[in-house]
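Okay, structure first, notes after.
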Amino acid sequence: MTKITKFNQLDFRQTKFLLSAPNIYNMPTDEGLEIAFAGRSNAGKSSALNAITDQKNLARSSKTPGRTQLINIFQVNNHLSLIDLPGYGFAEVPLAVKQEWQKSLGEYMQQRKAMKGIVILMDIRHPLKPLDKQLIDWSLESNLNILILLTKADKFKRGAQKNQLLRVKNDLPKNKAINIVPFSVLKKQGIEESINILNSWYDQYLSEEALHQ
Ligand SMILES: Nc1nc2c(ncn2[C@@H]2O[C@H](COP(=O)(O)OP(=O)(O)OP(=O)(O)O)[C@@H](O)[C@H]2O)c(=O)[nH]1
Ligand SMILES: [Mg+2]
């Protein structure tokens with residue numbers, strides 16, 4: 001688990017929408033720290049971003065899967081951005097559109113140096129689909145900090161949540177870069193814990209930057 005320090009408390013409420021980019025070539029300069037939110041379409045990425053930043057409509061959340069087709073960039077402060085990535089794995093969009101999203105997702109993942117942390121969201125009822133596993137493997141290989149949110153945890157009672165958490169833990173490699181948190185926007189569960197983890201990544205980033213000055 002990531003060590004939690006309270007040294008630099010981020011104020012996520014200050015987060016502002018910066019821009020939407022169709023691909024990485026239209027993103028701002030590749031510097032600072034970026035934390036990406038990735039997951040299957042409809043997993044709850046936009047809802048989680050809204051919950052963490054305590055803003056109702058920052059990232060649009062919708063009942064129609066596949067709504068977020070662009071790379072949406074939100075600025076917390078001058079050094080930190082949160083990135084709402086296009087969801088993957090949605091079956092009902094035309095293949096060409098799907099391939100285009102998958103392509104910009106892949107390019108971002110492989111080329112963006114500022115992206116040092118990733119929040120991977122999976123519906124607690126359907127975790128670790130092949131594309132999720134691929135993303136986790138890739139994130140481990142790239143030495144990213146990883147926060148896995150098991151979303152819509154309100155769909156399960158506490159006992160079932162615990163069991164599912166253990167199952168997911170056991171299915172993943174033992175690695176201290178991986179944090180797993182049951183998360184519910186409806187029940188406001190896991191939000192504080194997630195914020196603490198993101199704060200610890202930010203602290204880590206600042207200390208690494210200080211070393212390079
Ligand atoms: N029960 C429950 N529903 C949730 C929760 N979080 C999100 N949802 C619902 O799940 C649906 C999808 O949420 P979004 O936040 O739009 O998901 P997304 O991952 O951003 O989806 P795309 O942008 O289409 O990839 C919406 O109907 C949300 O209301 C939660 O904690 N509990
Ligand atoms: Mg979305």
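The values are calculated or read from the model by the stated rules, or taken from the named source; none is laboratory data. As the structure is a prediction and not an experimental result, all values here were calculated from the model. Methodologically, a virtual Cβ is constructed for each residue, glycine included, from the backbone with ideal geometry; neighbour enumeration extends over all protein chains shown.
Miscellaneous remarks
- Yes/no for GLN189 being of a type outside the set (D, E, K, R) and exposed (fewer than 12 other Cβ atoms within 10 Å of the Cβ): no
- Looking only at residues in segment 93-109 that are of a type in the set (A, V, I, L, M, F, W, C) and surrounded by 17 or more Cβ atoms within 10 Å (Cβ to Cβ), the one that is farthest from ligand 1 (Cβ to nearest atom) is MET109.
- Of the criteria (1) at pLDDT 90 or above; (2) away from ligand 2 (no atom under 14 Å from the Cβ), which one LEU82 fails: (2)
- Within segment 40-54, restricting attention to residues that are more than 6 Å from ligand 1 (Cβ to nearest atom) and in contact (Cβ under 8 Å) with a residue 60 or more places away in the chain, the residue that is surrounded by the most Cβ atoms within 10 Å (Cβ to Cβ) is ILE52.
- Residue count for segment 144-167, restricted to those that are surrounded by fewer than 13 Cβ atoms within 10 Å (Cβ to Cβ) and under 19 Å from SER194 (Cα atoms): 3.
- The residue of segment 167-213 that is farthest from ligand 1 (Cβ to nearest atom), among those that are under 21 Å from ASP54 (Cβ atoms) and among the charged types (D, E, K, R), is ASP203.
- In segment 169-189 there is at least one residue that is touching a Leu at 6+ places or on another chain (Cβ under 6 Å), closer than 28 Å to ASN57 by Cα and of a type in the set (Phe, Trp, Tyr).
- Within segment 198-210, residues that are among the small types (Gly, Ala, Ser) reach partners that are not in a helix (DSSP H, G or I) with beta carbons closer than 6 Å, at six or more positions or on different chains, in the pairs SER200/THR2; SER200/ILE4; SER200/THR5.
- A single member of PHE90, PHE74 is assigned to a loop (DSSP other than H, G, I, E, B) and either surrounded by fewer than 19 Cβ atoms within 10 Å (Cβ to Cβ) or in contact with a strand residue (DSSP E or B) (Cβ under 7 Å, 6 or more places away or on another chain) (or both), and it is PHE90.
Quick grid of which residues meet (1) within 16 Å of ligand 2 (Cβ to nearest atom); (2) part of a loop (DSSP other than H, G, I, E, B); (3) more than 11 Å from the chain's Cα centre (by Cα); (4) not charged (D, E, K, R):
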residue	(1), (2), (3), (4)
LEU10	no, yes, yes, yes
ARG13	no, no, yes, no
PHE17	yes, no, yes, yes
SER20	yes, no, yes, yes
THR29	no, yes, yes, yes
ILE35	yes, no, no, yes
GLY39	yes, no, no, yes
SER46	yes, no, no, yes
LEU49	yes, no, no, yes
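- Residues in segment 117-166 that are modelled with pLDDT of 95 or more and polar (S, T, N, Q) were compared, and the one that is nearest to ligand 1 (Cβ to nearest atom) is THR151.
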